[in-house]
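Undergrad: Okay, here's the structure, questions in a sec.
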Amino acid sequence: MYAALKKVCRNVRWKTSVTQYEMNGLKNTAKLIREIESGTYKLSEYQEFEIYEPKKRHITATRIRDRQVQRSLCDNYLYEILTKSFIYSNGACQKGKGTDFVLKDFKKQLQGYYRRRGSEGYYLKCDIHHFFESINHDILKEKLRGRIESEHVLQMVFTIIDSFGEVGLGLGSQVSQLLALFYLDELDHIIKEKLKIEVYTRYMDDFILISESKDKLLEAREVIEAYLVGICLELNEKTVLQRLQYGVMYLHWKFVITGGGKVLMLPDRKRCTKRRHKLKRILCLVDKGDLSTDQILQVSASMKSHLSKGNSYKVRSEIDHLIYGYLVNRKENYHEQKVLLSGRSERYDSCAFHL
């Protein structure tokens, strides 16, 4: 429990409530253990707010004491029990399986598909309508009863599920994230083992199926829709069936198979536009004196680091030239800044920063 407290305090020690709780960490941990053992432990009220990046989402944030309990519960029991049946290409909220893993795995699957089938084929991209808000509690509890043997743990998990209301799970709880992944675990096995789909990947409620047969994907969609109806879910309007040659948009990256078999990972154009506008807004803050030149360099370096995961040389060059032009206009000593700004080869530096 104390180790769980140290984990949940990472990167949030700027909050006064977290610092005060951690200052008496051993005392608070002992108190929590006594409450759990005596059966008097109760969840605190959630902090609810909304975020708007990339779209509007309602967040149900858990208090620090409850995050400590849930972290310990996941690390010491739930994670191993629930994830042992997950397929390899099921990403999100797992150790070593973040967005980087999912993107690399999907790219590897596409390379294997080209070796077997070539670049011809179709893909079915599915997205579930209001996934977290629509998860049925009774169905989820029935699934958990077949997996969790400890009655004590089962009741704790049921308490967390019921705390979100009559239906749905809240974003912001580690347990709810893990349960949401588990909710569609059976669907993963149906797609891979019964439908025999060659290329399949899933990141929470976004999943993609690829096959050389259009009819096979249409049949798969019918099976998926029928299964989702049984667990009180449905696909939304983002679900599409397209030719593979048009490219596949997944997690804000566009995957394109070239004629030579190379798989390109291109950044999303809409994201690039938003990133450029954001950078210009930050430059305005530098003009007003609210930010320093070093801070704008850190922001651009962060953007380029993310973009370097794919084939994004042109976009990164545009960021460099935007910053370079700004420094020239401000008559900054850009010769001293060029190593921080570019972060690439000496050949590019000599071209980009030539007067």
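Undergrad: For region 146-303, rounded, prolate or oblate, judged on the Cα gyration tensor with a ≥ b ≥ c (square roots of eigenvalues), a/c < 1.5 rounded, else prolate if a/b > b/c?
TA: Details: a/c = 2.80, a/b = 1.28, b/c = 2.19.
It comes out oblate by the Cα gyration axes.
Undergrad: Same structure, new question: For a quick size check, give me the Cα extents of the chain along its three principal axes, largest first, whole Å.
TA: Largest to smallest, the principal-axis extents are 73, 60, 29 Å.
Undergrad: Springs between alpha-carbon atoms under 10 Å, Gaussian network over the chain: tell me which of A30, A92, A61 tops the mean-square fluctuations.
TA: The residue that fluctuates most here is A30.
Undergrad: Right, another one. Provide the net charge surrounding V315, with neighbours chosen by a C-beta distance below 11 Å and charges set as Lys +1, Arg +1, Asp -1, Glu -1.
TA: Around V315, the charge tally is +4.
Undergrad: Something else now. Given axes a ≥ b ≥ c from the Cα gyration tensor, I'd like to know whether region 16-55 is rounded (a/c under 1.5), prolate (a/b larger than b/c) or oblate.
TA: Cα axes put region 16-55 in the oblate bin.
Undergrad: Once the other residues with Cβ under 15 Å from the Cβ of E133 are scored (Lys, Arg +1; Asp, Glu -1), what is the net sum?
TA: Surrounding charge for E133 is -3.
Undergrad: Right, next: So how far, in whole Å, is the C-alpha centre of region 135-186 from the one of region 257-298?
TA: First find each Cα centre; the distance between them is then 39 Å.
Undergrad: Using a simple charge model, +1 on the beta-carbon of Lys and Arg, -1 on the beta-carbon of Asp and Glu, nothing else, what dipole does region 30-127 show about its Cα centre, in debye to the nearest 20?
TA: The calculated dipole for region 30-127 is roughly 420 debye.
Undergrad: Build a GNM of the chain with springs between Cα atoms under 10 Å: which of D287, D138, D105 gets the top mean-square fluctuation?
TA: Between D287, D138, D105, it is D287 that shows the largest mean-square fluctuation.
Undergrad: If you average the alpha carbon positions of region 9-49 and of region 63-98, how far apart do those two centres end up, in angstrom?
TA: Distance between centres, Cα-based: 19 Å.
Undergrad: Right, here's the next one. Arrange the peptides 240-248, 44-52 so that the one whose residues have, on average, the most other Cβ atoms within 10 Å appears first.
TA: Sorting 240-248, 44-52 by mean packing, highest first, produces 240-248, 44-52.
Undergrad: If the elastic network links every pair of Cα atoms under 10 Å, which of Q155, Q174, Q111 fluctuates the most in the Gaussian network model of the chain?
TA: Fluctuation is largest for Q155.
Undergrad: How would you classify region 1-90 from its alpha-carbon gyration tensor, with a ≥ b ≥ c the square roots of the eigenvalues: rounded for a/c under 1.5, else prolate if a/b is greater than b/c, otherwise oblate?
TA: Verdict is oblate for region 1-90.
Undergrad: What ranking of D100, D206 comes out by heavy-atom accessible area, probe 1.4 Å, highest first?
TA: If we order D100, D206 from most to least accessible, we get D100, D206.
Undergrad: Another question about this same structure. Using the Kirkwood radius over Cα pairs, work out the Stokes-Einstein diffusion coefficient for region 179-246 at 10 °C and 1.306 mPa s, in µm²/s as a whole number.
TA: Estimated diffusion coefficient is 126 µm²/s.
Undergrad: Using DSSP to define loop residues, name the GluC sites (Glu not before Pro) in region 145-193 whose beta-carbon has at most 14 other beta-carbon atoms within 10 Å.
TA: E149, E166
Undergrad: Past the 29 Å Cα-Cα mark, which pairs from K55/K196; K56/K84; K56/K108; K55/K280?
TA: K55/K196; K56/K84; K56/K108, as the Cα separations exceed 29 Å there.
Undergrad: Also, quick follow-up: Any chance you could look up the accessible area of T40 with a 1.4 Å probe, heavy atoms only, rounded to 10 Å²?
TA: Looks like 80 Å² after rounding.
Undergrad: Counting helices only, and only those DSSP H runs with n ≥ 4, report the 222 nm mean residue ellipticity of the chain as the sum of -39,500 (n - 2.57) divided by its residues, in deg cm²/dmol to the nearest 500.
TA: About -16000 deg cm²/dmol.
Undergrad: While we're here: What figure, in Å² to the nearest 10, do you get for the accessible area of S312 with a 1.4 Å probe and non-protein molecules left out?
TA: Its heavy atoms expose roughly 0 Å² to the probe.
Undergrad: OK, next. Protein chains only, probe 1.4 Å: how do F106, F101 rank by accessible area, largest first?
TA: F101, F106
The values are calculated or read from the model by the stated rules, or taken from the named source; none is laboratory data. Keep in mind that what you see is a predicted model, and the values were worked out from it rather than measured. Here Cβ is always computed from backbone atoms with ideal geometry, including for glycine, and neighbour counts include all displayed protein chains. Keep in mind that these areas ignore ligands, DNA and RNA; they rest on the heavy atoms of the full protein, side chains included. Shrake-Rupley method; radii C 1.70, N 1.55, O 1.52, S 1.80 Å.
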